[in-house]
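Data block below; observations after.
Please treat every number below as a calculation from the coordinates, not as lab data. On a predicted model such as this, the values are computed, not experimentally measured, just so you know. Here the Cβ is made from the backbone with ideal geometry for all residues, glycine too, and neighbour counts use every protein chain on show.
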Amino acid sequence: MPAGRPRSSTGGRTRDPATLVPTAVVQGQADDVVPPAIAESNVDAAARAGEIVGLTLLAGAGHFAVVDPASDACAAAVGEIEQLAY
């Protein structure tokens, strides 16, 4: 590791903040394939491990809505991904 680069310690592991990749999880609240509680649990675990992660739950959206280009849920998912670029 280059000298002077900040490091953070999480859960006994030392992490270089420059290696953290932000993650956006977009989940439909009406998903009957993967319950939203699973996404919430995974996001919570990632955050506790020091990851940069966010969760957006979309009211009324089912499992496939976030990848259906004709749905508002897909537009919301794209918007969340675009925010990662900033």
> Binning every alpha carbon pair distance of region 21-84 at 5 Å from zero, what are the percents per bin?
Replying inline: 4, 20, 28, 24, 17, 7, 1, 0
> Stretch Ala47-Val78 to full length: gain in nm at 0.36 nm per residue minus the Cα-Cα span?
Replying inline: 9.0 nm
>> Per 0.36 nm of contour for each residue apart, how much would the distance between Ile38 and Phe64 grow if the chain were fully extended, relative to their Cα-Cα spacing?
In response: 7.8 nm
> With Cβ to Cβ distances under 13 Å as the rule, what net charge do the other residues near Leu58 carry (K, R +1; D, E -1)?
Replying inline: -4
